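Contents: one structure, followed by commentary.
The values are calculated or read from the model by the stated rules, or taken from the named source; none is laboratory data. If you're wondering where the values come from, they're calculated on a predicted model, not measured in any experiment. Cβ placement follows ideal geometry from the backbone for every residue including glycine, while neighbour counts extend to all protein chains displayed. Protein only, heavy atoms only, side chains kept; ligands, DNA and RNA dropped before computing areas. Shrake-Rupley method; radii C 1.70, N 1.55, O 1.52, S 1.80 Å.
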Protein chains: 2
Amino acid sequence: MTTRWLTPEEQRAWHAYLAASTLLEDALDRQLQQEAGMPHLYYAVLAVLSDAPDRRMRMTDLAEHAKITRSRLTYVVTRLEKDGAIRRENCQWDKRGSIAALTDEGLALLERLAPGHVEAVRKSVFDHLTPEQVGQFEEICSAIAAAIEGEEAQRNAPDDLPWRRRSCSSGQ
Amino acid sequence: MTTRWLTPEEQRAWHAYLAASTLLEDALDRQLQQEAGMPHLYYAVLAVLSDAPDRRMRMTDLAEHAKITRSRLTYVVTRLEKDGAIRRENCQWDKRGSIAALTDEGLALLERLAPGHVEAVRKSVFDHLTPEQVGQFEEICSAIAAAIEGEEAQRNAPDDLPWRRRSCSSGQ
DNA sequence: AGTTATTGCTTAAAACTTGAACCAAGCCCT
DNA sequence: AGGGCTTGGTTCAAGTTTTAAGCAATAACT
């Protein structure tokens with residue numbers, strides 16, 4: 001099949017997105033790096049953790065919520081543990097498991113950082129969008145996220161489905 | 001001043017954005033990494049270059065267009081030069097200057113990669129947006145990009161504006 | 001019970017990014 | 001011309017990310 005190129009409108013949107021997302025990531029990183037010597041992702045991980053029941057989560061769950069790989073998370077948690085913001089605990093039910101728990105110190109850090117971070121997000125994003133645009137933005141981003149997570153689900157399923165391969169092909 | 005937190009709508013939009021942008025970046029990286037052994041950014045740099053007049057650009061210009069730091073670009077170009085996709089040339093008018101030129105090989109590479117990349121962008125993004133949403137997306141992203149570039153301009157200007165500081169404040 | 005997957009997480013090496021220094025070339029002033 | 005400042009670009013060390021192994025515990029099968 002011959003390639004369906006992007007329409008001019010799509011191209012404009014794509015360029016704008018590329019610019020916005022890299023600039024935004026940089027801006028947030030810079031702000032938090034100055035404020036706390038940590039990149040935005042690390043703050044995000046702390047934030048996810050702070051919303052979890054009992055402020056603790058299994059590594060894999062945490063990785064999924066933060067949309068990052070497990071190995072990346074291992075690194076992040078190791079660093080934050082050195083900083084004293086997170087403590088690792090052993091999982092009782094599953095002895096392989098590891099649990100990341102937000103310490104009081106970590107919570108305090110997060111609370112100290114939150115205002116500046118929110119302010120940065122406002123200044124870069126929400127101060128410049130109308131309420132309708134905020135809604136549109138959410139819909140669009142949700143659609144994108146859903147699409148990609150759908151693809152991934154497919155990519156990870158192809159083989160290990162016991163049905164499908166075994167039967168069905170007998171008629172071929 | 002007391003912090004203006006995000007409204008629930010803004011929070012939802014922000015979460016959706018965070019998820020979408022990280023997933024998207026990962027998806028594009030993975031696709032291009034498989035296809036060509038290079039991350040998305042490297043492709044983007046080649047693409048910018050291919051649109052430039054005569055397919056060559058000063059390093060600083062290229063960095064600005066790609067929204068990355070000069071030092072990051074130096075690294076990228078060095079790698080792509082090793083791959084044979086880019087050649088460095090000396091600038092005639094300004095002997096400090098360095099020019100990145102897309103080679104024929106680089107252009108061929110780009111053309112080989114383009115269909116798969118566009119397909120990935122479609123699958124992840126545009127196949128799931130209505131035409132109206134494409135327009136909204138562009139507006140929103142442009143607003144964000146403009147906001148951040150505006151801030152940066154301010155951050156880099158603060159001192160060296162001869163006017164402003166001198167006059168104007170006399171009436172205060 | 002005894003393999004054989006699978007899952008949860010970590011590790012190690014290579015690739016990439018960042019930020020601060022650095023150097024050379026232009027610029028501006030007298 | 002001779003200082004000092006700015007600009008264009010690179011370099012280096014430290015930090016981060018990725019990928020592919022790796023290891024241990026669990027689940028699944030027979």
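Worth a mention:
- 10 Å Cβ neighbours from other chains, averaged over peptide A:128-136: 5
- Mean separation of Cα contacts under 8 Å, 6 or more apart, over the residue count of region A:17-124: relative contact order %: 27 percent
- Pairwise FRET efficiency - A:Trp93 versus B:Ala153, Cβ, R0 = 45 Å, nearest 0.05: 0.25
- Annotation for A:Glu119, label-to-label distances across the other copies: 4.9 nm (shortest first, one decimal, point 7 Å from Cα along Cα→Cβ).
- For B:111-119, mean number of other protein chain Cβ atoms within 10 Å: 2
- Three-way shape label, region B:1-87, alpha-carbon gyration tensor, a/c 1.5: prolate
- Averaged over A:24-33, number of beta-carbon atoms from partner chains that fall within 10 Å: 3
- Cα shape, the protein assembly as shown, gyration tensor, a/c 1.5 rule: oblate
- Heavy atoms of chains A and B lose about 5500 Å² of accessible surface on contact, summed over both sides with a 1.4 Å probe.
- Gyration tensor (alpha-carbon) shape descriptor, chain A, a/c threshold 1.5: oblate
- Sites matching chymotrypsin sites (Phe, Trp or Tyr not before Pro) across region A:1-91 that sit in DSSP coil, with at most 13 neighbouring C-beta atoms within 10 Å: A:Trp5
- Per DSSP, loop trypsin sites (Lys or Arg not before Pro) in region B:70-135 with at most 15 further Cβ within 10 Å: B:Lys95, B:Arg96
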